[in-house]
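Novice: One structure coming up, written as structure tokens, with questions to follow.
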Amino acid sequence: MAIEFIWQLPTGGDGRHGDATQTRRGERSGLTRPPFTEGVSDPRGERFNFLDHLHQIARAADLAGFDGIQIQHDPQGDESWIVAGYLARGSRRLKLLTEFEASRGSAVYAAKNAASFQRFTQGRFAWQISPGGDAALRRQQGDHAPDSDILPRIGEFVEVAKGVLTQSPYRFKGRFFEVLDGGFNGPLSNNPVPPVYLSGGSPEAYALSAQWADVHVLDAAPVDELKETIAKLEALAAGQGRSLAFGLRIDVLARETESEAVRDAQRFLAQSGRAVGSSDPVVAPGLWAGFATERTGAAASLVGSYGTVAERLVKYAEAGVSSFILAAIPHLEEAYRIGEQVLPVVRSRIATRLSKAA
Amino acid sequence: MTIDIFWRIPTHGEPSSHRSRKPWRGDWFPGNDNLTKPGLGGGEDGSTYIDYLAEIARAAEISGFQGGLIPSFPSTDEPWVISSFLARETKTFRFMIPFQPGFLNPVVAARQTASLQRATGGRALYNIITGGGGPQQLWWGDSVPHDDRYTRTTEFLDVVRGVWRGGPFSYQGKFYQVEDAGLPDPLSEEDFPEIYFSGSSDAALASASKHADYYLSWLEPFDALRDKFNRVKERTDALGRKIKTAVRVDILARPTEEEAWEEIRRGFANVDPAALARFQGAGERTESVGAQRQRGFRPTTINSYTDLITEPNIWSGFSLLRGGQTQGIVGSYEQVAERLDDLVRLGADAFILASTPHLEEAYRVGEEVLPLVRGRPSGSATLRAVG
Ligand SMILES: Cc1cc2nc3c(=O)[nH]c(=O)nc-3n(C[C@H](O)[C@H](O)[C@H](O)COP(=O)(O)O)c2cc1C
């Protein structure tokens, strides 16, 4: 499978200062960003908000050579489907990997909206369905499903969406969704099902991915650990007569030199309010934990020079990862940095190794 | 208050005129026009139907319409998607989004709406629909019966309003329960969308009177429409609220009345006899009170297009020419404007107009008809004639 590089879009805020201060560039809300002092005129008025900046990030990812963007699901931020549509016409190329929870509503309605996305983007829409937060967070979202129903509901959601997108008449009666004489005809027929990205480390999550995912997205971890997980998931999928691709959600802190990268990593940790040295953030060579919050998501970040970060990404690719979901703050500037300094190296190394292997 | 006039976005495809049966313009149905490939929109050039819809939205805003209704039916593209796609390239166009509340989690819907408000600078509106029922309701994956659906609609709007300003908001309904919910800052600073509400049953009126800003009806015979609007207003007054009314109506306006009817005559001559037979028959089963009312207003014997002229300048055969409503206004620019003013006098506060093809007609109607509509000058609301 071809390797894809997907840049993350931070729908809840971005910043250059670790996780401690999330800012929303362009935001007009007085609560999020102080305006200039009274002594300086501000021409912006209410013309901009954070969505304008998200558009900038998506354009940056496009121009810097990424293959797609991941539109993060963040209940504290802007809604991912609207953001996806808002950005869609800013590029004719980028995959729009849109993250959401299966509690958003009817699977048929989601599939119907997806069919329009596919028609208007010529098939660039993809789904990342996440289990969401704990029970209290879910109740805030009007979702009273118990923990044990979360993954089965994702399974039904995908089954029904695939059903109506590919069959007509389609019928289904499950625990969460029901359809009679369903399926799309006319202009909405014949559209590709959005590729489904799932994640999770429990045996139930693995079983769900084996049955329904196109891509199983792994949390950042040392490459040897991931090899085991990949082997396990491949066996499970094969048992269903299916094959799975693998994604990796990992942050990248790359600088010209190793020491600059380490200095910036330490600065981010300090800004995040973590006492440096309280526990060793380095979990494997060049792999640091501890930057992420619930909001940013990645379990760990590669830290190093352009060359070493590129080499580690190649190692993950050799271990079987084909979808890299990358992020770094601030997302606009770093999209260019990673696109210019790291991706070309990764791409050419993967190409030469593949041609040697052939 | 002055009158708001909207246009419509042809999600059901666009023929080149009222006479044509070929709704293929803009790659609406790739593969069916013998020009493009089936499946994903667009030919080799990479453009798709959204590019044509973008043209119409811009034509509507350039021509002075408030925005447009974006109908949602089983074979059409979805208005949430269209609105978010067109947010950045329109300036004043307001997106009227029909949706059935049952299909979305209300907390997600609130966040989705607030984000669309942020994306458009506050140009999102709801057209709350509650579903015609019948077999189609389970096509959508919805098994809730007609009157319960309106209870659900009311609860849905309770929750969306409840969380809008940031909460914490808790709610215990039959269909929805939330705990300590609320929109995050800065989403909670957006204006709540205006609500246009459609549905003609008693259950619909009960829900509309609680939540709607505008009660929206298809055009009906003027007396029936006046009664319907009065009923809605009485129910809303009883709750201590005010509601406005809006009419969705197709129009066919030409420099002379003769030219307008000639267009109808030729369109009618093209109607498939089987479609005409269905039109005269009982039609497909529906629980929709609104749809049944429309059917009740049709003549039973139809030999010529003139049999469908039910009032001066009103033709009751529009649904024969294209999907959608039955009654529309036909005439010279002056006549069409006068009929719209008649509707203003019987109580209409807003219109959603449509004519085919929507792009060219947006300019025509904007340039020739809208300037002739007197509407209701600001401050004259209290002088409104009742008769
Ligand atoms: C002006 C107008 C526009 C409507 N647009 C839609 C639409 O886009 N999609 C849809 O499914 N129903 C639409 N409807 C149908 C109604 O909202 C409603 O679902 C139906 O009339 C059943 O309700 P009732 O039995 O209370 O009349 C529309 C109705 C009216 C009057």
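Throughout, read-outs are computed from the coordinates displayed, never taken from laboratory work. Nothing here was measured: the structure is a model prediction, and the numbers come from that model. Ideal geometry is used to build each Cβ from the backbone, glycine not excepted, and the neighbour counts take in all protein chains shown.
Novice: Which whole-Hz ³J(HN,Hα) couplings does the stretch A:120-133 yield from phi under the Karplus relation 6.51 cos²θ - 1.76 cosθ + 1.60, θ = phi - 60°, glycine and proline marked x?
Specialist: Listing the rounded values in order: 7, 10, 6, x, 9, 8, 9, 10, 10, 9, 10, x, x, x Hz.
Novice: I need the peptides A:165-172, B:295-302, B:134-141 ranked by packing, meaning the mean over residues of other C-beta atoms within 10 angstrom, with the highest value on top.
Specialist: B:134-141, A:165-172, B:295-302
Novice: Which residue fluctuates the most in chain A, going by a Gaussian network model with Cα springs under 10 Å, if the choices are A:Gly201, A:Gly163, A:Gly307?
Specialist: Comparing A:Gly201, A:Gly163, A:Gly307 in a Gaussian network model of chain A, the most mobile one is A:Gly201.
Novice: Same structure, new question: In a shell of Cβ-Cβ distance under 12 Å around B:Glu194, excluding B:Glu194 itself, what net charge do Lys and Arg (+1) and Asp and Glu (-1) give?
Specialist: -1
Novice: Round to the nearest 0.05 the FRET efficiency obtained for A:Arg349 and A:Glu258 when R0 = 25 Å and r is the Cβ-Cβ distance.
Specialist: It comes to 0.85.
Novice: Based on the Cβ-Cβ distance of B:Arg266 and A:Arg93, what FRET efficiency does E = 1/(1 + (r/R0)^6) give at R0 = 60 Å, to the nearest 0.05?
Specialist: So the FRET efficiency works out to roughly 0.85.
Novice: Which of the lysines could a cross-linker bridge to B:Lys22, judged by Cα under 17 Å and excluding same-chain residues fewer than eight apart?
Specialist: B:Lys37
Novice: Using the C-alpha gyration tensor of chain A, what are the square roots of 5 times its eigenvalues, in whole angstrom, with the largest one first?
Specialist: Its equivalent ellipsoid spans semi-axes of 32, 27, 20 Å.
Novice: Separate question: Rounded to two decimals, what is the ratio between the C-alpha radius of gyration of chain B and 2.2 N^0.38 Å?
Specialist: 0.98
Novice: Of B:Asp77, B:Asp27, B:Asp185, which has the largest mean-square fluctuation in a 10 Å C-alpha GNM of chain B?
Specialist: B:Asp185
Novice: Placing unit charges on C-beta atoms (Lys and Arg positive, Asp and Glu negative, everything else neutral), compute the dipole magnitude of chain B about its Cα centre in debye, rounded to 20.
Specialist: Computed charge dipole of chain B: roughly 660 debye.
Novice: Once you average over the residues of A:126-139, how many Cβ atoms of partner chains fall within 10 Å of each Cβ?
Specialist: Neighbouring Cβ atoms belonging to other protein chains average 1 per residue here.
Novice: Same structure again: Take the Cα coordinates of the protein assembly as shown, assign each an equal point scatterer, and use the Debye formula without solvent to give log10 I(q)/I(0) at q = 0.06, 0.12 Å⁻¹.
Specialist: -0.39, -1.40
Novice: So if I take the centroid of the Cα atoms in the stretch A:190-252 and the same for the stretch B:149-195, what is the distance between those two points in Å?
Specialist: Centre-to-centre distance over Cα atoms comes out at 36 Å.
Novice: Looking at the stretch B:120-216, which trypsin sites (Lys or Arg not before Pro) are DSSP coil and have at most 11 other C-beta atoms within 10 Å of their C-beta?
Specialist: Passing both the DSSP loop test and the Cβ count: B:Lys174.
Novice: With angles folded into 0 to 90 degrees, how steeply does helix B:106-120 sit against the dominant principal axis of chain B? Use alpha carbons for both and round to 10.
Specialist: Rounded to the nearest ten degrees, it is 60.
Novice: Just counting partner chain Cβ atoms within 10 Å, what average do the residues of peptide A:83-95 show around their Cβ?
Specialist: If you average over the peptide's residues, the count of other-chain Cβ atoms is 4.
Novice: With θ taken as phi - 60° and the coefficients 6.51, -1.76 and 1.60, list the Karplus ³J(HN,Hα) couplings across the stretch B:47-55 in order, rounded to whole Hz; mark glycine and proline as x.
Specialist: So the J values, rounded to whole Hz, are 7, 9, 4, 5, 5, 6, 4, 4, 4.
Novice: Sticking with this structure for a sec: R0 = 22 Å: FRET efficiency of B:Lys174 with B:Glu234, Cβ-based, nearest 0.05?
Specialist: Calculated transfer efficiency: 0.25.
Novice: Here is a follow-up. Please compute the modelled spin-label separation between B:Phe73 and A:Thr37, points set 7 Å along Cα→Cβ, answer in nm with one decimal.
Specialist: Each label point lies 7 Å from its Cα, and together they span 6.3 nm.
Novice: Also, quick follow-up: Taking the Cα centre of chain B as the origin and placing charges on Cβ (Lys, Arg +1; Asp, Glu -1), which of B:His358, B:Gly296, B:Gly267 is farthest toward the positive end of the dipole?
Specialist: Most positive-ward Cα: B:Gly296.
Novice: Averaged across B:181-187, how many Cβ atoms of other chains sit within 10 Å of each residue's Cβ atom?
Specialist: For this peptide, the per-residue mean of nearby foreign Cβ atoms is 5.
Novice: Hey, another quick one. Might you report the magnitude of the Cβ-based charge dipole of the protein assembly as shown about its Cα centre, with Lys and Arg at +1 and Asp and Glu at -1, to the nearest 20 debye?
Specialist: Computed about the Cα centre, the dipole is about 460 debye.
Novice: Could you list which residues have their amide H under 5 Å from that of B:Gly134, counting only those 5 or more apart in sequence or on another chain, with H placed in the peptide plane?
Specialist: B:Glu287
Novice: Between A:Leu287 and residues 5 or more places away or on another chain, which pairs have amide H atoms under 5 Å apart, with H built 1.01 Å from N, and which residues are they?
Specialist: Counting only residues 5 or more places away or on other chains, the set is A:Val303.
Novice: Right, here's the next one. What nm distance separates the two modelled labels at A:Glu46 and A:Arg16, each placed 7 Å from Cα along Cα→Cβ?
Specialist: 2.9
Novice: Continuing with the same structure: Once you've got the GNM for chain A with C-alpha springs shorter than 10 Å, pick whichever of A:Pro75, A:Pro146, A:Pro195 has the biggest mean-square fluctuation.
Specialist: A:Pro146
Novice: Given an 8 Å cut-off on Cα distances and at least 6 residues of separation, report the relative contact order of the stretch B:22-172 as a percent.
Specialist: 16
Novice: How many lysine pairs are close in chain A, with Cα atoms under 21 Å apart and the two 8 or more places apart or on different chains?
Specialist: 8
Novice: Give me the one-decimal nm value for the distance between modelled label points at B:Asp202 and A:Leu63, 7 Å along each residue's Cα-to-Cβ direction.
Specialist: 6.3
Novice: Oh, and also: As an exercise, identify the chymotrypsin sites (Phe, Trp or Tyr not before Pro) in the stretch A:38-117 lying in DSSP coil whose Cβ has no more than 16 other Cβ atoms within 10 Å.
Specialist: Here the sparse-neighbourhood loop sites are A:Phe48.
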